[in-house]
Amino acid sequence: HDGIDAHQLEEALTGIKFPESQGGASWKLERTSIVKGGIAATHMDFAIPHSHEHRHLSDIVDLINGSPLSDSVKESSIRVFNRLAQAEATVHGTTLEAVHFHEVGAIDAILDIVGFCWAIENLGIKEIYATALPLPRGSIHCAHGRFPNPGPATAWLMQGIPSSPVDFDREMVTPTGAAILTTLAK
């Protein structure tokens, strides 16, 4: 299979109507041809303008539900976001309703999660399987300070999930990646 069409992905994601007042309408999907480990691929990333706004889980659910995406993409995306919000609420000692995502992080996570769910549907993938997640060493620096690696939300999400220690001192599994895999993969 040739993979997903980046233009179709971008078109699907433009159906999510981020408020222009918060810089959400000006994100871009950037594509770069790369070779990793001798394998040619296309690296896709989102360029998102900086903003100091915050967004709650209910705002994110409304944005996803208000889009023209299929019901299954909406449902999968919202399940992943609920799991991510539960992790954040637990590690910050708050409630799901009170969890807020920093604007740039929220837009990035929405595009990552919804884009993943859209791609899985578009490719006709019915089941996702994952090997043990890497468990690196050291510490990471984030908005709340210095934490053990993996960070608290990622560690919470990885509870009960097979992991494999690796001799690496950088973040290898993000909270968004952990939420996707622990919600949708076997």
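The values are calculated or read from the model by the stated rules, or taken from the named source; none is laboratory data. In this text, all values refer to a predicted model and were calculated from it rather than measured experimentally. Glycine gets a Cβ as well: all are built from the backbone with ideal geometry, and neighbour counts include every protein chain shown. Note: accessible area is taken over every heavy atom of the protein model, side chains too, but ligands, DNA and RNA are not part of it. Shrake-Rupley method; radii C 1.70, N 1.55, O 1.52, S 1.80 Å.
Enclosing the Cα atoms of the chain in their convex hull gives a volume equal to 133 cubic angstrom per residue. A 1.4 Å probe run over the protein chains yields, for the chain, 57 Å² of accessible area per residue, whole-number rounding.
Per-atom-type breakdown for region 35-186 gives carbon and sulfur 55% of the accessible area (1.4 Å probe, protein chains only). The value of relative contact order for the chain, using C-alpha pairs under 8 Å at least six residues apart, is 21 percent.
Between the residues GLY138, MET158, ILE78, the greatest Cα displacement towards the positive end of the dipole of the chain, with unit charges on the Cβ of Lys, Arg, Asp and Glu, is found for GLY138. The 3J(HN,Hα) values that the Karplus relation (6.51, -1.76, 1.60; θ = phi - 60°) gives for region 64-80 are, in residue order, 5, 5, x, 8, x, 5, 5, 4, 5, 5, 4, 4, 4, 4, 5, 4, 5 Hz. Gly and Pro appear as x.
Could you give the length gained on full extension between ARG31 and THR90, defined as 0.36 nm per residue of separation minus the Cα-Cα distance, in nm?
Roughly 17.7 nm would be gained on extension.
Only four residue types carry charge here, +1 at the Cβ of Lys and Arg and -1 at the Cβ of Asp and Glu. Report the dipole size of region 45-186 about the Cα centre in Debye, rounded to the nearest 20.
In total the dipole reaches around 420 debye.
Taking the chain as a Gaussian network of alpha-carbon nodes connected by springs under 10 Å, the highest mean-square fluctuation of the residues SER77, SER26, SER67 belongs to SER26.
The calculated FRET efficiency for the pair ASP167 and ASN65, based on their C-beta separation and a Förster distance of 30 Å, comes to about 0.10. Note on the chain: helix-only mean residue ellipticity at 222 nm, from DSSP H runs of 4+ residues weighted -39500 (n - 2.57) and normalised by residue number, equals -12500 deg cm²/dmol. Classification of region 50-147 by its C-alpha gyration tensor yields an oblate form. The axis ratio a/c (a ≥ b ≥ c) is 1.5 or more, and b/c is at least a/b. Farthest toward the positive end of the dipole of the chain, out of SER26, ASN149, ASN65, is the Cα of ASN149, where the dipole comes from beta carbon charges about the Cα centre.
Placing pseudo-labels 7 Å out from each Cα toward the beta carbon at GLU127 and HIS56 gives an inter-label distance of 3.9 nm.
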